[in-house]
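Here is the structure we will look at, set down as structure tokens.
The values are calculated or read from the model by the stated rules, or taken from the named source; none is laboratory data. Note that the structure is a prediction, hence the values are computed from the model and not measured. All Cβ positions, glycine included, derive from the backbone under ideal geometry; neighbour counts span all protein chains shown. What goes into the accessible areas is simple: the full protein's heavy atoms, side chains included, and nothing from ligands, DNA or RNA. Shrake-Rupley method; radii C 1.70, N 1.55, O 1.52, S 1.80 Å.
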Amino acid sequence: GPSLISTADFDDNDGAKSFALDPSSTGCSVDSVTGAVSFISAGTCVVTSSIGEGNRFNAATSSTASFTIGKRAQTLTFDGANVSVSAATANLSATTDALTLDSGLGNYVFSLDNTQTSTSGCSVSGTTLSFTTQGDCYVKVTKSGNAHWQDGVKTAHFVVNGKLDRSIRILPKTDNTT
């Protein structure tokens, strides 16, 4: 994951320098020699620096440096969305930018976005979008996050403008009178 180098202002080089995490720290680690902080997950990282006793100075410990590590925003991309569709069905698929630290992310879940008032004449079953009339259809994809990533949500617009299949049947005449 991302990292940074923590630094401390020491008067001189008299004494061994070190960096440490406060026991309350979560979501990070620190290299005790270099001060490199690595982010592991969301949490609060609290780092202190110390310099040991030297020939001219007593040992000293810094105040703490504290910072919050948030979850990264997960961006979903709808494959083949925001297009006109002329078939009666379309296969839905999506991708995420959460390609690292992705253990525990949920599955893609597709549903109609009922917050859009013009969604009509369509339905979603699994990854299949079906159309019953021409018009606008708004589909939402969601993917739950984990310790590193926020939940992802994306809505796409499909316009059904093609001709849809229909059926016709002949009904038998029930009486034989002319």
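Collect the residues in region 145-168 that are at pLDDT 70 or above and either among the aromatic types (Phe, Trp, Tyr) or open to solvent by 100 Å² or more (accessible area, probe 1.4 Å) (or both), keeping them in residue-number order.
Residues satisfying the conditions are Trp149, Asp151, Phe158, Ile168.
If Ile5 satisfies all but one of (1) under 21 Å from His148 (Cα atoms); (2) at pLDDT 80 or above; (3) surrounded by fewer than 13 Cβ atoms within 10 Å (Cβ to Cβ), what's the number of the condition it fails?
Of everything listed in (1) under 21 Å from His148 (Cα atoms); (2) at pLDDT 80 or above; (3) surrounded by fewer than 13 Cβ atoms within 10 Å (Cβ to Cβ), Ile5 misses just condition (2).
Search region 44-55 for residues being modelled with pLDDT under 90 and open to solvent by 40 Å² or more (accessible area, probe 1.4 Å), and hand back the single one that is nearest to Trp149 (Cα to Cα).
Glu53
Go through region 105-125 and give me each residue that's assigned to a strand (DSSP E or B), within 13 Å of Phe158 (Cα to Cα) and open to solvent by less than 30 Å² (accessible area, probe 1.4 Å).
Cys122
Have a look at Thr128, Thr89 and point out the one that is touching a Leu at 6+ places or on another chain (Cβ under 8 Å) and open to solvent by 70 Å² or more (accessible area, probe 1.4 Å). Steps first, answer last, please.
Values: Thr128 fails: open to solvent by 70 Å² or more (accessible area, probe 1.4 Å).
After ruling out the rest, the residue left standing is Thr89.
Name the pairs: first residue in region 29-41 and in a strand (DSSP E or B), second residue among the basic types (Lys, Arg) and open to solvent by 40 Å² or more (accessible area, probe 1.4 Å), Cβ to Cβ under 9 Å, at least 6 apart or on different chains?
Partner pairs satisfying both residue conditions: none exist.
Only one of (1) at negative phi; (2) out of contact with any His (no Cβ under 8 Å at 6 or more places or on another chain); (3) open to solvent by less than 70 Å² (accessible area, probe 1.4 Å) is not met by Ser41, so which one is it?
The failed condition is (2).
Here are the criteria: (1) modelled with pLDDT under 85; (2) touching a Lys or Arg at 6+ places or on another chain (Cβ under 9 Å). Tell me which single one Ser84 does not satisfy.
Ser84 satisfies every listed condition except (2).
Identify the residue in region 56-79 that is hydroxyl-bearing (Ser, Thr, Tyr) and over 13 Å from Asp97 (Cα atoms) and, among all such residues, is least open to solvent (accessible area, probe 1.4 Å).
Let us first name the residues in region 56-79 that are hydroxyl-bearing (Ser, Thr, Tyr), namely 61-64, 66, 68, 75, 77.
Of the ones still in play, those that are also over 13 Å from Asp97 (Cα atoms) are 61-64, 66, 68.
Values: Thr61: 98, Ser62: 47, Ser63: 98, Thr64: 77, Ser66: 76, Thr68: 113 Å².
Restricting to residues being hydroxyl-bearing (Ser, Thr, Tyr) and over 13 Å from Asp97 (Cα atoms), the top hit is Ser62.
Take the residues in region 13-28 that are not in a strand (DSSP E or B) and not polar (S, T, N, Q), then tell me which one is farthest from Ala147 (Cα to Cα).
Of everything passing the filter in region 13-28, Asp14 is farthest from Ala147 (Cα to Cα).
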